[in-house]
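Following: one structure in structure tokens, then a few remarks.
The values are calculated or read from the model by the stated rules, or taken from the named source; none is laboratory data. Since this is a predicted model, take the numbers as computed values, not measurements. Methodologically, a virtual Cβ is constructed for each residue, glycine included, from the backbone with ideal geometry; neighbour enumeration extends over all protein chains shown. Only protein heavy atoms, including side chains, enter the accessible area calculation; ligands, DNA and RNA are left aside. Shrake-Rupley method; radii C 1.70, N 1.55, O 1.52, S 1.80 Å.
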Amino acid sequence: MDALDSVVDPLREFAKDKYRLVKHCHKPDGKEFTKVTFCMAAGFIVMGFVGFFMNLILIPINNIIVGSI
């Protein structure tokens with residue numbers, strides 16, 4: 001019985017936690033959805049510029065290093 005409890009108890013706790021999470025979640029209203037969408041778009045733009053400038057800097061450095069060998 002102890003072996004069965006050691007398997008069932010974590011599953012029961014997991015189910016309780018997930019039920020509590022789903023019960024707490026809600027559908028966002030228009031204002032919240034707009035805010036989240038704006039933040040995600042800003043993040044995509046910032047990460048795109050970071051990646052672009054990293055490539056702009058690192059490709060010539062890589063060519064100098066590889067070209068010198």
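Rounded to the nearest angstrom and listed largest first, the equivalent-ellipsoid semi-axes of the chain from its Cα gyration tensor are 48, 27, 4.
Only lysine pairs 8 or more places apart or on separate chains count here, and in the stretch 1-64 those with Cα atoms under 26 Å apart total 5. Give the calculated FRET efficiency between residue 35 and residue 9 to the nearest 0.05, with a Förster radius of 35 Å applied to their Cβ-Cβ distance. The value I calculate is 0.30. Heavy-atom accessible surface of the chain, averaged per residue, reaches 97 Å², computed with a 1.4 Å probe. Per-residue Karplus couplings for the stretch 43-54, computed as 6.51 cos²θ - 1.76 cosθ + 1.60 with θ equal to phi - 60°, are listed in order as x, 4, 5, 4, 5, x, 5, 4, x, 4, 6, 5 Hz, Gly and Pro entered as x.
Carbon and sulfur together cover what percent of the accessible area of the chain at a 1.4 Å probe radius? About 74 percent, which is the carbon plus sulfur part of the accessible surface.
Rounded, prolate or oblate: which fits the stretch 1-41, taking a ≥ b ≥ c as square roots of the Cα gyration tensor eigenvalues, rounded meaning a/c under 1.5, else prolate when a/b beats b/c? Intermediate results must be reported in sequence, preceding the final value.
Details: a/c = 10.34, a/b = 3.73, b/c = 2.77.
Note, shape of the stretch 1-41 comes out prolate.
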